[in-house]
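Data first, discussion second: the structure below is written as structure tokens.
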């Protein structure tokens, strides 16, 4: 019986250990996955897809105006009594009729330009949607980098808290031997409490950023363990493209060009509305026999011409369309100037942020050496608890400054890529 219990216990231990070893780790959620999830599955992305669909329907509506129209009608009438003259019935008591009509617009000036305008408007919406996808990728990357920075801040705060706890334990031991006073222990415990508060605040900041990123990417939840280390830069800033080589090809600038084409087609459409409209009309009618159609069937074909000789509002619409076209041209020119200035500014700031990262790294190494030296001197009794706390605070501050410098560099890098249009949909 004892052997059986022993074997059963070993089996249970092995099963538990195997289950623990087989527990899958948290699924990784990389920066690229976050950016694509935001661009494809976020609520804003769905709304942009509806904008494209609406623009396609408007284009189809304008194209439908070019297609001939066909109409059918039928009627049945009951009269009070049948009316006859001699042996010929003039009015039947029950009369019926059917009519089929076809209308073909041979010429109506605004139709084709309006269709071309709707097609250009569709291009503009698609390009703006591509730009909107780039903005969603930018937002996802910003939240991702901020979450990584908050994760680094939490890790530094936890390390600082662990060091404070070690100091409290060390001072408590020294207090028992009479090498320290009660005030040193009280100050160490106060520093430990402050470090705990910093950990709580860092954890709260990280949770808020993870929630925001999960909501943007349409995920139920996101944990810090799923984040992957990410950086857009190596140890040096990337080569910066000349603004003149890339700025005009950005999706939103191409959308402005499509908007200009839209206004030009609409201006032409309003101008062609001054010309006459020509339509071909064809009818086929089925009715009771009559003097006009003894067999009850008749058809007709005709041409219709209508011409608006004078309409002052039409001239005003033409002037308004010309003003809209000029405004669209100026908006595009101004947008290109702003983009080029932003690219130069971002490239300059990126180089400066890279230098700031190097400075922060050197400061962090110095703070770590100072803390190690302070701990050694404190152990030897050559340093007070106040000076040791200062060294710990300087190390924590150096770690936070280094983390913020890395964050600023990554944010500037992703902003520069977005400014060039490299995050937009192809």
Please work out the Cα center distance from segment 36-84 to segment 195-221, rounded to the nearest Å. 47 Å
Ranked packing of 161-168, 33-40, most packed first, by mean Cβ within 10 Å: 33-40, 161-168
From the coordinates shown, Cα Rg over 2.2 N^0.38 Å corresponds to which of (i) 0.91; (ii) 1.79; (iii) 1.02: (ii)
If contacts are Cα pairs under 8 angstrom and at least 6 residues apart, what is the relative contact order of segment 142-234 in percent? 38 percent
Please arrange 406, 377, 309, 253 by counting, for each residue, the other beta carbons lying within 10 Å of its beta carbon, fewest first. 309, 377, 253, 406
Any chance you could give the angle, 0 to 90 degrees and rounded to 10, that helix 385-420 forms with the longest Cα principal axis of the chain? 20 degrees
Taking a ≥ b ≥ c as the square roots of the Cα gyration tensor eigenvalues, with a/c under 1.5 meaning rounded and otherwise prolate when a/b beats b/c or oblate if not, segment 176-229 comes out prolate
If the label point sits 7 Å along Cα→Cβ of residue 69, residues of segment 109-146 with amide N under 15 Å come out as 111
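I need to check one value: relative contact order of segment 70-144, counting alpha carbon pairs closer than 8 Å and at least 6 residues apart, in percent.
Result for segment 70-144 is 25 percent.
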Can you give the angle from 0 to 90° between the axis of helix 43-64 and the longest principal axis of the chain, with both taken from C-alpha atoms, to the nearest 10? 20 degrees
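Tell me, in nm to one decimal, what length is gained between residue 351 and residue 337 on full extension, where the rule is 0.36 nm per residue of separation less the Cα-Cα distance?
2.9 nm
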Simple SL model, points at 7 angstrom along Cα→Cβ for residue 404 and residue 106; separation in nm is 7.8 nm
Length gained when the stretch residue 28-residue 316 is fully extended (0.36 nm per residue, less Cα-Cα span): 97.6 nm
Based on the alpha-carbon gyration tensor of segment 352-426 and its eigenvalue square roots a ≥ b ≥ c, which shape applies: rounded if a/c is under 1.5, prolate if not and a/b is larger than b/c, or oblate? prolate
Mind giving me the FRET efficiency for residue 218 and residue 77? R0 is 51 Å, r the Cβ-Cβ distance, nearest 0.05 is fine. 0.25
Quick one: if you stick a label point 7 Å off each Cα along the C-beta vector at residue 280 and residue 368, how many nm between them? 8.5 nm
So if each residue of separation counts as 0.36 nm, and I subtract the Cα-Cα distance between residue 43 and residue 173, what length gain in nm does that give? 41.0 nm
Can you tell me the 0 to 90 degree angle between the C-alpha axis of helix 31-41 and the longest principal axis of the chain, rounded to 10? 30 degrees
Ranking request for peptides 147-159, 100-112, 59-71: highest mean number of other beta-carbon atoms within 10 Å first, then the rest in descending order. 147-159, 100-112, 59-71
From Cα pairs below 8 angstrom and at least 6 apart in sequence, can you work out the relative contact order of the chain, rounded to a whole percent? 23 percent
In nanometres, what is the gap between the two model label sites at residue 189 and residue 50, each 7 Å from Cα along Cα-to-Cβ? 6.0 nm
Beta carbons within 10 angstrom, averaged per residue: use that to sort the peptides 51-57, 353-359, highest first. 353-359, 51-57
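Rule-based calculations on the coordinates, nothing more; no lab input. Quantities reported herein were computed from a predicted structural model and do not represent experimental measurements. All Cβ positions, even for glycine, are placed from backbone atoms using ideal geometry, and neighbour counts span all protein chains on display.
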